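Below is one structure, written out as C-alpha cells; comments come after it.
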Amino acid sequence: MSQLARNTALLTAASIGQKAVAFLYFAAIAHTIGDSATGAYFLALGLTTTIGVLDDVGLTSVLIREVAKTPEKAVLYARNIMGLKILTMPIAILCAFILPQFLGFDAQAQMLTEIAVIVMLCDTVSLTFYGALRGLHVLKYESIGIFIGQTITTIVGAAVLFEGARDLRLLIVALILGSLWNACFAMYNVVRRLGIQALVPSYSMGVQPLRMSFMFFLAAIFVKVYSYVDSFTLNMVLGQAAVGVYAVAYKLTYAFQFLPLAFVGALYPAMSAQAGDKVALKKTFLEAEWYVALLAAPVVFGIFAIAPELIHTFYGSDFSGAAPVLEILIF
C-alpha cells in the first residue's frame, strides 16, 4: 500500500469514528436543550471557528507544504510559525469579544463565545503541531488524537446532559477538555519526533512565513465566511431558534464530509512533495478528483432521498423543519 493510501486510510478511520461520535453527541444536545439553546451553542462555536482563521492566517498550510518539501527544516518552520501565531492570538481573542455584539448575539451566545476562545487557542496549537507531522507524512498521531479528543468531549458532555444540567457553559467546558487533550498530544508527539526545541517559538525567519501564507489565508477566510454567514444572517433576521433548526441540517451535512476531508488531509502533503514533478503532480491530482467524485455522489443523492426520515429518526418531530434545509445543503 502506498504512503498516500495508508495515510488516507488512517485519517478516514479516525474521521469516521470522530464524525459518528460528534453526530450522535450533537443529536443528544439538540434533543435535550431545544432549538433556541442549540442555536446559541452553534453560533458561539461557528464564530470562534471563523475567528480562528485570524489566528492561523494560513500558516499551518505553509508549514505542511514546506516541511513536505524540505523535511530537514521541520523544526525551523514549526518554531517560527508558532512564534507568529503567538502574535496573532491576541487579535483573534479581541475579535471574539467584540464581534458578537455587532452580529446580534444575545447575552447567552456572547458568553459562550467568550468561553469558547479557549477551544480556539487549543485548536490552533494542535493544528500547528499536527501540521508539522503531516508535512513529515506522519498522520497516525493526528488520527488517534482527533478520535480520543472527540470521545473525551462526548463523555463529559453526555455526563452533563445525563445529569439534566442545562448550563451550556458546561458543554463548552467539555469541548475545552477535548481540545486541550489534542494540543498536549500533538506537542508530545512533535517532541518525540523533532525534539523539545520544536516547541520553542522563534522569529528567525521574520515575516517570510506570513508572506507565503497570504493566499492560504484568503482561501480560509472565504471558506469560513461561506460556511457560517448563513447562520449569522439567520440569527439577525429570524432569531436563535431558527439557527437551531438550521444547525441540525448543517451538522448532518458536515458529518458526511469525513471521506473527502480525510482524503485531502493525506493528499496535500503528498502533492507538496511532488511540486517539482509536474507529470506526477497532475497524475495524482486527476486520480484524486476521480476518487472523491466516486465517494461524494452516493452520499449526496442518498441523503437527499431520505432527508425527512434522517431528521425524524435522529432529532425528532420538533426539528422536522430541518429536512428541506438538509435536502438543499447536502448538494
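A few remarks follow.
- The range 116-141 residues that are farther than 21 Å from residue 45 by Cα, paired with ones that are among the aromatic types (Phe, Trp, Tyr) and modelled with pLDDT of 90 or more (beta carbon under 6 Å, 6 or more apart): none
- Residue match in the range 103-111 (condition: of a type in the set (S, T, N, Q), modelled with pLDDT under 90, over 18 Å from the mean Cα position of the chain (by Cα) and open to solvent by 50 Å² or more (accessible area, probe 1.4 Å)): yes
- Checklist (1) open to solvent by 30 Å² or more (accessible area, probe 1.4 Å); (2) over 20 Å from the mean Cα position of the chain (by Cα); (3) of a type outside the set (A, V, I, L, M) applied to residue 151, failing item: (2)
- Exactly one residue among 263, 314 is at pLDDT below 85, touching a helix residue (DSSP H, G or I) at 6+ places or on another chain (Cβ under 9 Å), closer than 23 Å to residue 70 by Cα and in a helix (DSSP H, G or I), and that residue is 263.
- Sub-7 Å Cβ pairs linking a first residue in the range 274-303 that is more than 18 Å from residue 68 (Cα to Cα) to a second residue that is β-branched (Val, Ile, Thr), at least 6 apart or interchain, are 300/330; 303/330, ordered by first then second residue.
- Residue 246 being under 21 Å from residue 330 (Cβ atoms), open to solvent by less than 70 Å² (accessible area, probe 1.4 Å), within 24 Å of the chain's Cα centre (by Cα) and at pLDDT 85 or above: yes
- Taken over the range 81-97, the residue count meeting the criterion of being of a type outside the set (Lys, Arg) and buried (at least 16 other Cβ atoms within 10 Å of the Cβ) is 10.
- Each residue in the range 166-183 was checked for being loosely packed, with under 15 Cβ neighbours inside 10 Å and without any contact (Cβ under 8 Å) to a residue 40 or more places away in the chain, and 1 pass.
- Under the condition of being of a type in the set (A, V, I, L, M) and open to solvent by less than 30 Å² (accessible area, probe 1.4 Å), the residues counted in the range 301-331 number 8.
- Among the residues making up the range 64-77, those that are more than 16 Å from residue 139 (Cα to Cα) and either of a type in the set (Lys, Arg) or within 23 Å of the chain's Cα centre (by Cα) (or both) are 66, 69, 73, 77.
- Restricting attention to the range 308-330, the residues that are out of contact with any Phe, Trp or Tyr (no Cβ under 9 Å at 6 or more places or on another chain), within 22 Å of residue 25 (Cβ to Cβ) and without any contact (Cβ under 8 Å) to a residue 40 or more places away in the chain total 4.
- Applying a threshold of 8 Å to beta carbon distances and a minimum spacing of six or more residues, or different chains, the list of pairs starting in the range 58-84 at a residue that is without any contact (Cβ under 8 Å) to a residue 12 or more places away in the chain and ending at one that is part of a helix (DSSP H, G or I) and not aromatic (Phe, Trp, Tyr) reads 73/66; 73/67.
The values are calculated or read from the model by the stated rules, or taken from the named source; none is laboratory data. The structure presented is a predicted model; accordingly, all values stated were derived computationally and were not measured. Here Cβ is always computed from backbone atoms with ideal geometry, including for glycine, and neighbour counts include all displayed protein chains. Quick note on the areas: whole protein, heavy atoms, side chains included, nothing else; ligands and nucleic acids left out. Shrake-Rupley method; radii C 1.70, N 1.55, O 1.52, S 1.80 Å.
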